[in-house]
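Just so it is clear, none of the values below were taken in a lab; they were calculated from the coordinates. All values derive from a computational prediction rather than experimental measurement. Backbone-built Cβ (ideal geometry, glycine too); neighbour counts: all protein chains shown.
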Amino acid sequence: MKTCRHCLSEDIPDAATHCKHCGKRLKPSQAPAVIIVSLAVLALIAWGVSALRSSTQRDFDRSQLKIEMDAMKKTCSADTPEELTQIESDRFEKALADSSLDADDRRDLWAVWENNLAVCRSSARNQPKPTPKRR
């Protein structure tokens with residue numbers, strides 16, 4: 001026996017499609033399906049937001065590290081002490097480790113950093129040293 005959702009009568013046969021007391025149609029509840037679909041949609045939205053946030057964070061981290069590389073290029077000169085470039089390298093390596101980039105991106109940016117550092121050092125070594133003026 002079924003129970004009518006509208007008039008709460010409990011003497012309705014299982015095969016009945018309409019309530020014999022109030023005449024309303026008896027149909028199965030859609031609540032479980034609605035809840036499952038709603039949860040699936042919310043899960044997809046949450047996944048999309050987290051993917052977008054992590055992508056945005058990676059782009060931000062990548063741009064910040066490139067700014068650091070550009071700053072190093074600007075300070076590169078013949079009289080830049082070796083200790084300063086080592087401090088900058090340590091700072092860059094820490095920023096790289098703290099970033100949200102994956103291992104491939106970190107490796108690529110570190111290679112670019114090392115290449116820029118090598119170019120800086122070689123250009124500093126190849127610059128002519130000022131000669132004292134003769135009297």
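Miscellaneous remarks
- For HIS18, residues with placed amide H under 5 Å, excluding near neighbours: LEU26
- Potential lengthening between VAL34 and GLU93 on full extension [0.36 nm per residue; Cα-Cα distance subtracted]: 16.2 nm
- Rounded tilt (10° steps) of 103-126 against the dominant C-alpha axis of the chain: 10 degrees
- Once the chain from LYS24 to LYS2 is taken as fully extended at 0.36 nm per residue, the excess over their C-alpha distance is 6.6 nm.
- Scalar couplings 3J(HN,Hα) for segment 54-61, obtained by applying the Karplus form with A = 6.51, B = -1.76, C = 1.60 to θ = phi - 60°, are 5, 5, 5, 5, 5, 4, 5, 4 Hz; x denotes Gly and Pro.
- Between amide H atoms placed 1.01 Å from N, distances below 5 Å from LYS2 occur with ILE12, ASP14, all of them 5 or more places distant or on a separate chain.
- You can think of it this way: the chain between ALA71 and ARG53 has 3.8 nm of extra reach, that is 0.36 nm per residue less the Cα-Cα gap.
- Cβ-derived FRET efficiency at R0 25 Å, ASP102 paired with ALA46, nearest 0.05: 0.70
- Where (1) 34.9, 123; (2) 17.0, 52; (3) 15.4, 50 are the candidate values, the label of the one calculated here for Rg and Dmax of the Cα atoms in Å is (1).
- Residue order, fewest to most beta carbons within 10 Å, for SER50, SER99, SER9: SER50, SER9, SER99
- Computed [θ] at 222 nm, deg cm²/dmol, the chain (DSSP H ≥ 4; -39,500 (n - 2.57); rounded to nearest 500): -23000 deg cm²/dmol
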